[in-house]
């Protein structure tokens, strides 16, 4: 194949497992391989945008989880928006753009069956990895199906300026709720209140659980009806101490403990609080809702077109910068959805 003969595929792999410590640049390897050749029923894809998400930290660990870990030497996992370069399946043609899980690399081969076509003319291609993709679906279904917010209730969102949190708060406002965001730093707090319309924001940095509980008591004197938990840790503890009767706690992420995945998570035990408040706590995985993607897209597309949902992206240029951007995201240095722009579509 002439296309493949003159180019190589740059990849970023897992080189070292970060056991009970933060991720470091040396945990990743960089290599060049021949561009793969698609077989019958497969397509060759060129990565345009790569999504960076906290769950990837879990894939670097061998700790038991809901998915298999990335193996040493394998390409780091991740979802991309990609352009079809070569197609050996009639359902896709070169130039089509799709969602695919080919990870941290420039090119990959996937079966055409199951790939989701996306339309760059209808929305920014990057949005299909964010507000119109997995983070948006997480915000939509975890809040509405598990959180079940009602008008006038108080919704608390951790990591409020992140890919998921910024959408959660705005949906809660559309449902008539009082929304409090928790974020790290004055700029992020200003973003969620001034741009996204949250009613209040708490800067968690430099504060212990008691200080956070005190702020929540002022902002939500009747307690938290829905807690959307993206982080775990002491923020989780502060929220659990501040629940209203019949509260719903939605567990979506636990980034606060991702640097010690190989150690049993310990902390306050909240059984008495859950009992006394008659609260309900439930975990959420977006894969359980794949069959309802069309329902989500109908609502979210309408909200975006109507200007009812705003969304910010934090885009880093170039695949080589992926480890640096990933480490920064885990440390909370991004504002909005973290993406890597790898390449532009052909002809642009």
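The values are calculated or read from the model by the stated rules, or taken from the named source; none is laboratory data. All values derive from a computational prediction rather than experimental measurement. For neighbour counting, all protein chains shown are included, and Cβ atoms are generated from backbone atoms with ideal geometry for every residue, glycine included.
Only one of the numbered conditions (1) at pLDDT 95 or above; (2) closer than 28 Å to residue 344 by Cα is not met by residue 160, and that is (2).
Inside region 65-82, can you point out the residues that are out of contact with any helix residue (DSSP H, G or I) (no Cβ under 9 Å at 6 or more places or on another chain) and either assigned to a strand (DSSP E or B) or without any contact (Cβ under 8 Å) to a residue 24 or more places away in the chain (or both)? Passing the criteria: 75, 82.
Condition test on residue 121, is it in a helix (DSSP H, G or I), more than 22 Å from the chain's Cα centre (by Cα) and free of Cβ contacts under 8 Å to residues at least 40 places away in the same chain? When the stated conditions are applied, residue 121 does not pass them. Among the residues of region 46-64, is any surrounded by fewer than 18 Cβ atoms within 10 Å (Cβ to Cβ), without any contact (Cβ under 8 Å) to a residue 12 or more places away in the chain and either under 28 Å from residue 286 (Cα atoms) or touching a strand residue (DSSP E or B) at 6+ places or on another chain (Cβ under 8 Å) (or both)? Within region 46-64 (the criterion being surrounded by fewer than 18 Cβ atoms within 10 Å (Cβ to Cβ), without any contact (Cβ under 8 Å) to a residue 12 or more places away in the chain and either under 28 Å from residue 286 (Cα atoms) or touching a strand residue (DSSP E or B) at 6+ places or on another chain (Cβ under 8 Å) (or both)), the answer is yes, since at least one residue qualifies.
Scanning region 124-172 for residues that are over 17 Å from the mean Cα position of the chain (by Cα), part of a helix (DSSP H, G or I) and buried (at least 24 other Cβ atoms within 10 Å of the Cβ) turns up 147, 172.
A quick yes/no check of all residues on (1) surrounded by fewer than 18 Cβ atoms within 10 Å (Cβ to Cβ); (2) touching a helix residue (DSSP H, G or I) at 6+ places or on another chain (Cβ under 9 Å):
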position	(1), (2)
193	no, no
210	yes, yes
231	no, yes
245	yes, yes
250	no, yes
254	no, yes
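Pairing residues of region 162-180 that are touching a residue at least 60 places away in the same chain (Cβ under 8 Å) with residues that are buried (at least 23 other Cβ atoms within 10 Å of the Cβ) and assigned to a strand (DSSP E or B), at Cβ distances under 6 Å and at least 6 apart in sequence or on separate chains, gives 163/337; 165/157; 168/157; 168/228. Restricting attention to region 10-26 and to residues that are crowded, with 17+ Cβ neighbours inside 10 Å and either under 21 Å from the mean Cα position of the chain (by Cα) or not assigned by TED's automatic domain parsing to the domain that holds residue 72 (or both), the residue that is farthest from residue 58 (Cα to Cα) turns out to be 12.
Tell me which residues, restricted to region 315-326, are buried (at least 19 other Cβ atoms within 10 Å of the Cβ) and either touching a helix residue (DSSP H, G or I) at 6+ places or on another chain (Cβ under 9 Å) or assigned by TED's automatic domain parsing to the domain that holds residue 260 (or both). If you could, list the steps in order and put the result at the bottom.
Initial filter on region 315-326 (buried (at least 19 other Cβ atoms within 10 Å of the Cβ)): 316, 319, 322-323, 325-326.
Passing the criteria: 316, 323, 326.
Of note, residue 273 satisfies the criterion of being in contact with a helix residue (DSSP H, G or I) (Cβ under 9 Å, 6 or more places away or on another chain), assigned to a helix (DSSP H, G or I) and either surrounded by fewer than 18 Cβ atoms within 10 Å (Cβ to Cβ) or touching a residue at least 60 places away in the same chain (Cβ under 8 Å) (or both). Going by what's in this entry, would residue 282 be described as part of a strand (DSSP E or B), surrounded by 14 or more Cβ atoms within 10 Å (Cβ to Cβ) and in contact (Cβ under 8 Å) with a residue 60 or more places away in the chain? No: the conditions fail for residue 282.
Could you count how many residues in region 84-118 are part of a loop (DSSP other than H, G, I, E, B) and farther than 16 Å from residue 49 by Cα? Looking only at that region, the number is 10.
Any residue in region 292-311 that is outside the structural domain of residue 197 (by TED's automatic domain parsing) and part of a helix (DSSP H, G or I) sitting within a Cβ distance under 8 Å of a residue that is loosely packed, with under 15 Cβ neighbours inside 10 Å and at pLDDT below 95? List the pairs, counting only those 6 or more apart or interchain. Cβ pairs passing all conditions: 301/122.
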